[in-house]
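Notes follow once the structure below has been shown.
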Amino acid sequence: MRRLLLPLFCIALTACGAAWNDPYPATERGRNILYTAFTERPKHLDPVQSYSADEIAFTAQIYEPPLQYHYLRRPYELIPATAAVVPQPTYSDAQGRPLPVDAEAHRIAFTDYVIEIKPGILYQPHPAFVEQPADISGFFSLKDFPKRGTRELVAADYVYGIKRLAHPRLHSPILGLMGEYIVGLRDYARSLETAAAAQPADQWIDLREYPLAGVEEIDRYRYRIRIKGRYPQFLYWLTMPFFAPMPWEADRFHSRPGMAEKNLTLDWYPIGTGPYMLTENNPNARMVLEKNPNFRGEAYPCDGESGDAAAGLLEDCGKPMPFIEKVVFTREKEQIPYWNKFLQGYYDASGIASDSFDQAIQVGSGGEVSLTPTMREKGITLTTTVATSTFYMGFNMLDPLVGGDGVAARKLRQAIAIAIDQEEFISIFMNGRGVAAQSPIPPGIFGYREGRAGINPRVYDWTESGPRRKDIAVAQRLLAEAGWPNGRNAATQEPLIIHLDTTATGVGAKARIDWLHKQFRTIDVQLVVRSTDFNRFQEKVRKGAVQLFYYGWNADYPDPENFLFLLHGPQGKTRFEGQNAANYSNPEYDSLFEQMRAMENGPQRQAIIDRMLAILHEDSPWVWGFHPKDYSLRHGWLLNRKPTKIANNTLKYQRIDAELRRELRDEWNRPVLWPLLLLVGTLVALALPAVAHHRRRENSTAR
């Protein structure tokens, strides 16, 4: 009997444990760790290659460009990161003669920025800074290298990092754009291509041996960047990992023969001076950031905007950051497990999927949004904001059917733009969390217009109640005028077939695709959807091997230029490797863009933007999609969290009340024991007769 009851007692005792369903190791219980999730596998962690939202969640915490945004102030304000001060531009003419700060833009041939960095900043511990064994055949991760070292950050590291934008083996997505601005960068890229072609593919190119005219080291803590003309937005670029430092030792270390085959590359193992360093990289399951022991320290801000003090965002004024010791990212491919773990307290913050919307949000009769009582009882906080983001469906303007500047193709694109009902999409698939786009520019960015002045007249009519999408009969008429009456070629009667390339997968993908088919059927067009993985999709877009595709853009910086450049001809992705994925080109638009981007915000700039948007409305290179409304939830123990799409290095500001989290996790996950006790009692009751019979037999045998 004792042998039977002991295991049952142990089972019950285990179930009584407070953390019986905790997905994390017992050693992490109660520790200062932030737990979050990611859904998309990061592709690049090399700062000159990485350019997507799922990657910058990591890179922005590790790399340190010279500038950053003030965490709390709105409108967004630039402040120093590693720089001593925010650099001020100095101007010169074509002969190199200095010009006053108020010089007319047409007189300015060059703008210089001298960046001074703070002394005493150290890199994270890394094997690149010390001599390592020549034989690395038994090494498969950075942890296998026996020694670590560090050194001081110097100006030459920033120069080296900018040179890597032109490296022919890295294919930086901003080389085309920066080649327009940084003096000599295009020529530098060509010289590196020549150098790379003359040596083995796995041989390291020491960029220190190749000078770049527009970027030079002045002394140990100062360097100069010279750009063409006047470009006020350039300072915003100095907040991005593209302009982070790169020690030449790390570039050499990761370029050793045999390293790439083992993923021992800068694309897998970032190195920086930031508050965190990547200590575990398993992009299919788990990523871990840990506090950089060499981080210089930084004080939490003491001021912000109205309401920040009442929201508790100033309580840590002046305290050294970062507050959190470790950040654990777990990959969640499905939304339901993600949501359930958040409700159990195993994730500290969460968005809201469509399936969980009604469980979290209640909408009043006047359209006001609030949390449900269940969420409020858990101490969960809701934050809502219209994101500085644009999601769209792009036409490949190089395609002979949907592209080009001909009247027929233009009317075809306009017809499709009318037929795809964005308001219906937002209502069905986003629970109303979005604003139908009228142009690339989202609310909150200069150039965006409210009301009648802001609508796209090719897709909407203005009514007393606001914008109204044109009737489907208008789209059908446009299609007929394009040579496709009733969706068939007027001459040959062949059906009109449009191909859409997408990476959409998962449970909700089929419903969205079915909805799209329905939209196209309203104008008798056959839609063929070609789903593929992300890398293949990117390759097809890069080569121009698509007709129609889904894309999105989060603002890099708070300026209309950062959205309007997505349709700038010299930024065409196929021809110039830029960010103009639609390969759109219009001479008037491009000329106006050149004027607009060098201007300060004001009536003149707004007038130019208005004309640019009118051109885009007419040409319709995109199906104007939507600007999402971000709904963010956080538990009461996660503090100092302020939503932003512009700043990305935000983990250092956040704080965890680990003790409160432990208490609430225990309360929310306390096991219900009575079924187990009932089972134990039943087993005992069933076992007792057998035990009694066994003892009688033993006693009988003994007698």
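Values as computed for the structure displayed
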| item | result |
| --- | --- |
| Answer residue from segment 519-539, given it is assigned to a helix (DSSP H, G or I) and at pLDDT 90 or above and is surrounded by the fewest Cβ atoms within 10 Å (Cβ to Cβ) among those | 521 |
| Failed item in (1) part of a helix (DSSP H, G or I); (2) surrounded by 14 or more Cβ atoms within 10 Å (Cβ to Cβ), with residue 217 passing the rest | (1) |
| Residue within segment 108-131 that is basic (Lys, Arg) and either over 29 Å from the mean Cα position of the chain (by Cα) or over 23 Å from residue 267 (Cα atoms) (or both) present | yes |
| Residues located in segment 483-518, provided they are at positive phi and modelled with pLDDT under 90 | 506 |
| Matching residues, segment 88-109, being within 25 Å of residue 68 (Cβ to Cβ), polar (S, T, N, Q) and part of a loop (DSSP other than H, G, I, E, B) | 88 |
| Of all residues in segment 323-369 being buried (at least 18 other Cβ atoms within 10 Å of the Cβ) and among the aliphatic types (A, V, I, L, M), the one that is nearest to residue 643 (Cα to Cα) | 349 |
| Selected residue (only one of 548, 500, 564 is aliphatic (A, V, I, L, M), within 27 Å of the chain's Cα centre (by Cα), crowded, with 19+ Cβ neighbours inside 10 Å and more than 20 Å from residue 401 (Cα to Cα)) | 564 |
| Filtered residues of segment 110-127 (kept if assigned to a strand (DSSP E or B) and buried (at least 18 other Cβ atoms within 10 Å of the Cβ)) | 110, 111, 113, 115, 116, 117, 126 |
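Here's the yes/no breakdown for (1) part of a helix (DSSP H, G or I); (2) crowded, with 21+ Cβ neighbours inside 10 Å:
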site: 158; (1), (2): yes, yes
site: 162; (1), (2): yes, yes
site: 170; (1), (2): no, no
site: 186; (1), (2): yes, no
site: 190; (1), (2): yes, no
site: 195; (1), (2): yes, no
site: 202; (1), (2): no, no
site: 205; (1), (2): no, no
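The values are calculated or read from the model by the stated rules, or taken from the named source; none is laboratory data. Just so it is clear, the structure is predicted and the values come from calculations on it, not from any experiment. Backbone-built Cβ (ideal geometry, glycine too); neighbour counts: all protein chains shown.
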